[in-house]
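Visitor: Starting off with a structure, shown below.
No value in this document is a laboratory result; all are computed from the given coordinates. Keep in mind that what you see is a predicted model, and the values were worked out from it rather than measured. With ideal geometry, Cβ positions are generated from the backbone for all residues, glycine too; neighbour counts draw on all protein chains shown.
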Amino acid sequence: MMGGVCILPPPHLFCFYLFLKVVSMTVHGGRIVASICHAIVLSIFVICPITGWAYEETTVSNGGTVTGTVQFSGEAPPPMPFELRRYPDRVYCGALSDGSGYRLLREVAVGAQQGLKDVIVTIEGIEKGKPFGLTETKLEANICQFIPFVSVMREQHPLTVTNQDEVSHDLQIYERDRDHVFIMFHRPSLTKSGTSDTIHFTGNRRDVIMQCGMHPFMQGHGLAVENPYYAITGTEGTFEIKDLPAGTYRIKAWHPTLGEKVQNVTVAANGTTSLGFRF
C-alpha cells in the first residue's frame, strides 16, 4: 500500500499472496485501509482455486465423436444388505426389499455382456466448445432411494432434491477427496417441499456422496463436470460423446466405488473414435 491507496497484485500473484503476511501500518489511518486491502485481496484470492471451472461456449464445426464401452472384469461384488427392522419406516421402505426383510444396496451394476453401469465418462481440458446445457442437477427420493444413483453436477449451479416419499429423510451431502470427506449440505428433515442449494466445491474436490441419516441404504453419488463433454453409462456400459473439436484429449471413466481409468484419445474432424475401459 502506498499513500493510503490499496494496490492489488496482478492475477498471477494472487495465489502467492497466501504466503505473505500483512505488515502493520504506522501511517495515520493506515491500519483501517490495510485491513480493507487485505479483505479485498483475500476475497479475490478465493477465486484462484476455481479458475479451472471456466468454459467458453462457441460454435463447433466439423466436430468429432468418441464412442465406447466400459466393462467389468470378473464377477460383480454382491450388494450390501441392510436389515429393515433396524431402521425407521421399515414398512414403507420395505416396498423394495428382497422379500426377506432386507434392503439391498447394489453399488456395482454389471450387465449381461459385462457392461458396467453408472460410469461417468468425461473429456478433460476442453476450455471452449459446444453449449453447456447443464443448468441444474435434479434428484429425487423415491421409495427410500436416490434417483438417479449417479449424477453429474456443475460448480455454482443448483442441486435440487425432491422428496416423493410419504416419509421424511435426513439428507446429507459430502464432498470428498482420496483421504477425507467434508460436509457440503445437511437437510435433517427433507419433506415434500424438497430442497434446492447452490453447489460450491472447495479445493480440488470434484465428487460427492449423498446419503440419508435415517435410512443408510439410501445413497447416491455425483461428479462435477467442467464442460459439456460427458456421458453416463447405462446397463450395457456404452457411451457416446459428440461435437468434439478436433484434437487430442484426456478421457476419464469414473465410477463412485471402483475409482477411475484414464487414457488419451485423438479426435479427427467429422470422425468417430472408439475405445474401451475395463475395471
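Visitor: Farthest toward the dipole's positive end in the stretch 85-132, which of L105, I123, Y92, given Cβ charges of +1 (Lys, Arg) and -1 (Asp, Glu) about the Cα centre?
Guide: Y92
Visitor: Here's something else I'd like to know. Just to verify a number: FRET efficiency for A269 and E240, C-beta to C-beta distance, R0 = 22 Å, to 0.05?
Guide: Plugging the Cβ-Cβ distance into 1/(1 + (r/R0)^6) gives 0.80.
Visitor: In what order do R250, R103, R187 fall by count of nearby beta-carbon atoms within 10 Å, going from fewest to most?
Guide: Fewest-to-most Cβ neighbours within 10 Å comes out as R250, R187, R103.
Visitor: Within the stretch 231-253, list the residues whose amide N lies under 17 Å from a label point set 7 Å along Cα→Cβ of T58.
Guide: From the stretch 231-253, the list is 243-249.
Visitor: For S193 and L104, what is the calculated FRET efficiency with R₀ set at 30 Å and r taken between the beta-carbons, to the nearest 0.05?
Guide: 0.50
Visitor: Give the order of M80, M218 when sorted by the count of other beta carbons within 10 angstrom, beginning with the fewest.
Guide: Exposure proxy ranking, most exposed first: M80, M218.
Visitor: Could you please state, rounded to a whole Å, how far the C-alpha centre of the stretch 215-279 is from the C-alpha centre of the stretch 96-165?
Guide: Rounded to whole Å, the Cα centres lie 14 Å apart.
Visitor: Lys and Arg at +1, Asp and Glu at -1: add these up for the other residues within a Cβ distance under 14 Å of F201 and post the number.
Guide: -2
Visitor: Order 255-265, 147-157, 114-124 from most to least packed using the mean count of other Cβ atoms within 10 Å.
Guide: My ranking of the peptides, most packed first, is 114-124, 147-157, 255-265.
Visitor: If you take every residue apart from M80 with its C-beta less than 10 Å away from the C-beta of M80, what net charge results, scoring Lys and Arg +1 and Asp and Glu -1?
Guide: My count for the surroundings of M80 gives +1.
Visitor: Now for a separate question. How many percent of Cα pairs in the stretch 145-202 exceed 20 Å?
Guide: More than 20 Å apart: 26 percent of the Cα pairs in the stretch 145-202.
Visitor: If contacts are Cα pairs under 8 angstrom and at least 6 residues apart, what is the relative contact order of the stretch 79-204 in percent?
Guide: 18 percent
Visitor: State the extension gain, in nm to one decimal, for the chain segment bounded by T65 and K128, taking 0.36 nm per residue of separation less the distance between their alpha-carbons.
Guide: Separation in residues times 0.36 nm, less the Cα-Cα distance, equals 21.1 nm.
Visitor: While we're here: What does the charge count around F239 come to, taking other residues whose C-beta lies under 13 Å from its C-beta (Lys +1, Arg +1, Asp -1, Glu -1)?
Guide: +1
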